[in-house]
Number of protein chains: 4
Amino acid sequence: MDFGLTQEQMALKNVASRFLKKESPIAFVREMIKDEKGYPPSLWGKMAKLGWMGILFEENYGGYGGTFLDLSIILEEMGRALLPGPFFQTVILGGMTIMLSGSEELKQRFLPGIASGDIIMTMALTETEGSYSQEEIESVAEPRADGYLLRGKKMFVPYIHTADYIIYPARTHQKDHSDDVSLFIVNTKTAGIEITPLLSLDLQKQYEVTFREICVPKKDLIGEEGKGWNLIQGLWPIIVTAKCCEMLGAMQQVLEMTIDYAQTRRQFGQPLSAFQVIQHYIADMAIDLECSKFITYQAAWRLSNHLPSKKEVAMAKLWCSGALKKMTVTAHQIHGAIGFTKECDLYLYFRYAKASEITFGDENFHKEVVAKEMD
Amino acid sequence: MDFGLTQEQMALKNVASRFLKKESPIAFVREMIKDEKGYPPSLWGKMAKLGWMGILFEENYGGYGGTFLDLSIILEEMGRALLPGPFFQTVILGGMTIMLSGSEELKQRFLPGIASGDIIMTMALTETEGSYSQEEIESVAEPRADGYLLRGKKMFVPYIHTADYIIYPARTHQKDHSDDVSLFIVNTKTAGIEITPLLSLDLQKQYEVTFREICVPKKDLIGEEGKGWNLIQGLWPIIVTAKCCEMLGAMQQVLEMTIDYAQTRRQFGQPLSAFQVIQHYIADMAIDLECSKFITYQAAWRLSNHLPSKKEVAMAKLWCSGALKKMTVTAHQIHGAIGFTKECDLYLYFRYAKASEITFGDENFHKEVVAKEMD
Amino acid sequence: MDFGLTQEQMALKNVASRFLKKESPIAFVREMIKDEKGYPPSLWGKMAKLGWMGILFEENYGGYGGTFLDLSIILEEMGRALLPGPFFQTVILGGMTIMLSGSEELKQRFLPGIASGDIIMTMALTETEGSYSQEEIESVAEPRADGYLLRGKKMFVPYIHTADYIIYPARTHQKDHSDDVSLFIVNTKTAGIEITPLLSLDLQKQYEVTFREICVPKKDLIGEEGKGWNLIQGLWPIIVTAKCCEMLGAMQQVLEMTIDYAQTRRQFGQPLSAFQVIQHYIADMAIDLECSKFITYQAAWRLSNHLPSKKEVAMAKLWCSGALKKMTVTAHQIHGAIGFTKECDLYLYFRYAKASEITFGDENFHKEVVAKEMD
Amino acid sequence: MDFGLTQEQMALKNVASRFLKKESPIAFVREMIKDEKGYPPSLWGKMAKLGWMGILFEENYGGYGGTFLDLSIILEEMGRALLPGPFFQTVILGGMTIMLSGSEELKQRFLPGIASGDIIMTMALTETEGSYSQEEIESVAEPRADGYLLRGKKMFVPYIHTADYIIYPARTHQKDHSDDVSLFIVNTKTAGIEITPLLSLDLQKQYEVTFREICVPKKDLIGEEGKGWNLIQGLWPIIVTAKCCEMLGAMQQVLEMTIDYAQTRRQFGQPLSAFQVIQHYIADMAIDLECSKFITYQAAWRLSNHLPSKKEVAMAKLWCSGALKKMTVTAHQIHGAIGFTKECDLYLYFRYAKASEITFGDENFHKEVVAKEMD
């Protein structure tokens, strides 16, 4: 057993931390909430230069052949900084789907562009139920001589307004046949795509997306027809664990800002941190973070080592969802009214937390998975 | 023992419920969030006509001589409807302070106007610490020949932008002398009062208020000089219990809307409410509400019967703060992502809940009181 | 609304409290654990003289025609004293079943004897599943010319070793027909009844009971054949609420002994009660007790006023089961290792608590009921 | 990072598991509870032959020079089997104290005997407060020409009735001087030592120990005079982490027996494990175990690598105390009444859990440490 980072990983962490502190301070995060695009292309270019977009891709596609643990380290720092923009969507939802399941042609067409920062992607994972399950998909892909005709509606699609391509799951044949979802790469500029912004607590920009009648050529199908949900299932542990890593970073920041606040803020003539109850609150937060770390790192380690990880990944997300919730509740308890004003940084982490708790499956979703795996 | 309402109380409840459903539907609440004033004077007039503003005042001041339980019933319905506007501030913080502690002259001057809906009031309860304690008050009232010169800053003052008068606590003598806070009624139009809106999750409009150099005549001092915090302490059980009643109404609405949602929303081919885990969640919410009710009603009953109630009132707020928090967390768990979009009604109750949990003392604040009372 | 006791109820409470303090001090409780019978007939006689056994029975059966609230008050004091002996079984499980559902003949035969303290009864509520449901009953009552032949096995039957009669539910016809359970009163001295003591944490003496081939005359059937489970269902709210009242008393004692301990025990030079965390623990216990009281009293009040109470009773037991568990966990946290030694009084309340949490349905059992009632 | 065991560690685990399954089945554990000694010398000899007693000692003292992780693996299996007997006391409290802090002469005298299974030891860690703190120590060691005269009383001393030697902390000089505790090795056969068994939930045999007037030669002082508490502090992370490892094993067994039970036991015609609520309970248990593992392994890894570990060790015990408590509460929820009967294996694990939660510091104790470390 070894719970430490290697020298290289430590270096990567330091670079990421320094870079994001400089490039994505909290004032910038605030600005990007109001910004229409939601992130600056200039920052995107710098990240690409650091090799972050292609960290997991093979070298012949412009990547760096890194491990999942390498990516984890960067995601943690991104979560800590609440980095705005479609990194997760482009690299993990888009890029990894293509890398794991796309044809050679698709890989050539997309991966180098993603790695270089020239292509932005997103994926439409949920329809109206928001259940992350194949059953809810009602979008249809009608086969045509030269490809498919796509029709349907998706909810909570992040960053489509700025993405170049979207991966769109749709049923190729009959609605009643569960195993007929296929994945398509669609250019977001195609006529017939309508997007409506959804206003929510989420810091990410999210949209409702309607596909009127969209023609897609056969070559833009990822993998086999009807096997699309399998592909998503294959990528799922990576998606979920990646999200946990990002959440870890946010948890650390929430803990640190709360300790700071408790040490600075005075009540009845002493700092808050002098009260035993406040001290115990902070200890509770620290322990929730500690458990979150190890349960996530273990999942990441299993993924990196290609060990079975379905249960462990579900445990990680279930745990992190609960821990981040508990931590922000406690942080608010300590901050009081000031924590809910929009000027307070905690307010931003709170919004991030609320959204992340349910993104890619909430506690119940993953508890069901764990329960099934234990049978 | 008797856990039922009388016929009159039941009638009052029905009237209030019907009136608010009609006059303050959720679309109206949303509109008022964007409205600069935050409530329409026309609605205010109608409520005055129903006798709500003067319900607790004696009849010779234009009131109805009702009991605290009568007020409770109305507040519960107001909480359920998320009624916008400065009712709580005007009637309880302002009116009740004057009725319980004001001179005959002050009563004559203010109570009939409050009862008739012509006077709007607010009170500045917290400065920077937000601790609801005398210790934090640094505002100063320098005695002058003809009155006092007020100086200081207050935080989280609700609805001052629309209030005619504000009750302002300030230290009459030295800062280091704990027992020298006095309460002043100040016309909000006085030159030298600066207000800055605070943006927060709270649905109420809140302001930072600065008093530059405000002259107040002696007659606008409430009660004796230096005894102001005692007056607040005397009113405190009423303030806190009134808030609990309002929160009860919100809890009921959250429960009902969640049951509705669970029965309507389908997942995997059945309504959410068919899942055992969801059923248990809803049962948990119902029980938290049930306990909230009785612990609050008991406090209200003790207040109505002039029994010692310090511990019971603190228990009620502590409990309600926790219960409302738990209930909205569970409601969100059931609603999923949709619950955090701004179109979802739950989002408004969530904002109300977050603010109410800490208003007039959070769980820890009141736990300290209970702990002290148990010694 | 009225949350107070009447003068008579207060007097009843005082008498019960004084009597039990004198007659059932904790040393006596300990002694009775080792005693084979488990309670002294002399005490039983004194309680009968106070009218406790017949408090709910009509006067023409030797009773006092009291209300359920009267009984509640006594049960609370019994719980506080951990009164040993088959009071609950004799008066509520046995007596009330007969009073509510028995023939005139059965009432005449049993109620006066119970009221006078001459008859001890018990009831066999569970078989192997311990689910308090009709489905689990496999005991059979084969109809014979002159009555029935009973066969079967019951678990967790309290005090049968000292009872004169047992109420025994058995299926009159086919196993697969759910609505065919009947209730029989059987003399415990009948040949063919075998009892085996079950050793458990429960302070009550419990037995496994086997009926080999027991003949019962027709007249000892309670109510109609095949309607026995309905009778139990009819009594169920009384059984469950009565148990909650008893638990309330134990909770109060646990709270008081923990406050005492915290004030006496010193650590690091001060009493435990000087630590903020300990103070908050005690406040939490007090609030859990407060909620337990009102949720139980409400159920008792509804029963006394013949209002629908299925949901409220289930809420009360579910809440009390959880609260008593939480309170003993916290009490142990404060007591430390000493709390688990057999000399410590808390250890006895802990055993009582563990057993009571599941007796007549645990949290889940009643949560299911609440969930169903809310649909 | 690496979350796996090495081949050797895996082999060690398998041997320990098989050995303990055979030699310490649950029926044996039950027998040993009634046995006066509490464990059979024959088993002790076999364990010594496997090298377990000397696993951490250096080879020149009859040991095997293993790492703390090696010991962890064995302790986990011991906890799983509820292995009776003074292994922990002899090897960790006794042996490790001598190995880390004893003179060369003491090492020569005791370590080979411990390693060979010929010497049994225990330590008296608490007096009346049970606070595991230097402040509570009132035992006195009066300096004499030829050594010391020991006087005092200790509580909760495990297995002294069977131990050959006890390590006894006492104050060498004045009571008011905090830094004057010294550690003495005392032969338990010395006249003037009185022991009284304490009956508690703990499966371990515990005693109150009184030292009347016990002469101890200078050479039986461990380390420097007055530095004894430092020595205990030095060993403390090992003691606490070792206990966590043992608890991990018990948790695993509790989880497995609960899954078994839920799959076997039927209610309403299906196995308990078919109910969603039960499935979620089991998933919760699994996650609590998972976090317990990693937070403990991390502490063990830090100890093995001589990294600072005060905070991490405190977190581990605090977490494990809470997790084992939660897990047994849930296990009982699922088992129902049967879980509290003395025949049910869960009852034994429950007793183990209750005792372990507070042994070497309960949740609050360690939360204070974490809180201090975070400042």
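The values are calculated or read from the model by the stated rules, or taken from the named source; none is laboratory data. Computed from a predicted model, the values in this text were never measured in an experiment. Note: ideal-geometry Cβ built from the backbone for every residue, glycine included; neighbour counts use all protein chains shown. SASA here: full protein model, heavy atoms, side chains in, ligands and nucleic acids out. Shrake-Rupley method; radii C 1.70, N 1.55, O 1.52, S 1.80 Å.
Here are a few things to note about the model shown:
- Test: residue in segment B:54-63 that is in a helix (DSSP H, G or I), open to solvent by less than 10 Å² (accessible area, probe 1.4 Å) and among the hydrophobic types (A, V, I, L, M, F, W, C): no
- Flag for D:LEU324 being crowded, with 24+ Cβ neighbours inside 10 Å, under 22 Å from D:LEU203 (Cα atoms) and within 9 Å of another protein chain (Cβ to nearest Cβ): no
- Of all the listed residues (B:MET32, B:MET96), the sole one being closer than 26 Å to B:TRP236 by Cβ and away from chain C (no Cβ under 14 Å) is B:MET96.
- Condition check for A:ILE119: among the hydrophobic types (A, V, I, L, M, F, W, C), part of a loop (DSSP other than H, G, I, E, B), at pLDDT 95 or above and open to solvent by 10 Å² or more (accessible area, probe 1.4 Å): yes
- The single condition from (1) open to solvent by less than 50 Å² (accessible area, probe 1.4 Å); (2) within 12 Å of chain D (Cβ to nearest Cβ); (3) of a type outside the set (S, T, N, Q); (4) over 20 Å from A:LYS354 (Cα atoms) that A:MET285 fails is (4).
- Qualifying positions in segment D:15-45 - within 22 Å of D:LEU111 (Cβ to Cβ) and either without any contact (Cβ under 8 Å) to a residue 24 or more places away in the chain or small (Gly, Ala, Ser) (or both): D:ALA16, D:PRO41, D:GLY45
- Applying the condition of being surrounded by 21 or more Cβ atoms within 10 Å (Cβ to Cβ) and facing chain B (nearest Cβ under 8 Å) to segment C:365-375 and asking which residue is farthest from the chain's Cα centre (by Cα) yields C:ALA371.
- Checked against (1) within 14 Å of chain A (Cβ to nearest Cβ); (2) under 30 Å from D:LYS34 (Cβ atoms); (3) basic (Lys, Arg), D:ARG302 meets all criteria but (2).
- The criterion of being more than 23 Å from the chain's Cα centre (by Cα) and crowded, with 18+ Cβ neighbours inside 10 Å holds for C:THR258.
- Filter pass, D:GLU357 being in contact with a His (Cβ under 9 Å, 6 or more places away or on another chain), open to solvent by 30 Å² or more (accessible area, probe 1.4 Å) and more than 7 Å from every other protein chain (Cβ to nearest Cβ): no
- Flag for B:LEU307 being more than 8 Å from every other protein chain (Cβ to nearest Cβ) and more than 18 Å from the chain's Cα centre (by Cα): yes
- Cross-chain or 6+ apart pairs with Cβ under 6 Å, segment B:347-367 first and free of Cβ contacts under 8 Å to residues at least 24 places away in the same chain, then assigned to a helix (DSSP H, G or I) and surrounded by fewer than 22 Cβ atoms within 10 Å (Cβ to Cβ): none
- Of the candidates A:LEU111, A:LEU106, the single residue that is modelled with pLDDT of 95 or more and surrounded by fewer than 23 Cβ atoms within 10 Å (Cβ to Cβ) is A:LEU106.
- Residues (facing chain D (nearest Cβ under 9 Å) and buried (at least 20 other Cβ atoms within 10 Å of the Cβ)) located in segment A:263-275: A:SER273
- Residue in segment B:274-284 that is in contact with a Phe, Trp or Tyr (Cβ under 8 Å, 6 or more places away or on another chain), in contact (Cβ under 8 Å) with a residue 12 or more places away in the chain and more than 30 Å from B:PHE57 (Cβ to Cβ) present: no
- Taking the conditions (1) out of contact with any Lys or Arg (no Cβ under 8 Å at 6 or more places or on another chain); (2) surrounded by fewer than 20 Cβ atoms within 10 Å (Cβ to Cβ); (3) within 14 Å of another protein chain (Cβ to nearest Cβ) in turn, B:GLU129 satisfies each one other than (1).
- For segment C:132-143, filtered to residues that are among the hydrophobic types (A, V, I, L, M, F, W, C) and assigned to a strand (DSSP E or B), the residue that is most open to solvent (accessible area, probe 1.4 Å) is C:VAL140.
- Complete set of residues in segment A:65-96 that are without any contact (Cβ under 8 Å) to a residue 40 or more places away in the chain and not in a helix (DSSP H, G or I): A:GLY65, A:GLY66
- If you go through segment A:1-14 and keep only what is touching a residue at least 40 places away in the same chain (Cβ under 8 Å) and not in a helix (DSSP H, G or I), you end up with A:PHE3, A:LEU5.
- Meets criteria (touching a helix residue (DSSP H, G or I) at 6+ places or on another chain (Cβ under 9 Å), at the interface with another protein chain (Cβ under 8 Å from one of its Cβ atoms) and aliphatic (A, V, I, L, M)) for B:ILE278: no
- Output for segment A:327-354, where each listed residue is touching a Cys at 6+ places or on another chain (Cβ under 8 Å) and away from every other protein chain (no Cβ under 11 Å): none
- Take the conditions (1) at pLDDT 95 or above; (2) buried (at least 20 other Cβ atoms within 10 Å of the Cβ); A:LEU303 misses just one of them, which is (1).
- Candidate set from segment D:26-53 (those that are outside any helix (DSSP H, G or I) and not hydrophobic (A, V, I, L, M, F, W, C)); member that is surrounded by the most Cβ atoms within 10 Å (Cβ to Cβ): D:TYR39
- Yes/no for B:ALA250 being touching a Lys or Arg at 6+ places or on another chain (Cβ under 8 Å) and either modelled with pLDDT under 95 or not hydroxyl-bearing (Ser, Thr, Tyr) (or both): yes
- Selection of strands (runs of 3 or more DSSP E) fully inside segment D:144-253 by the criterion of at least 1 residues being surrounded by 23 or more Cβ atoms within 10 Å (Cβ to Cβ) returns D:147-158, D:165-171, D:181-187, D:206-217.
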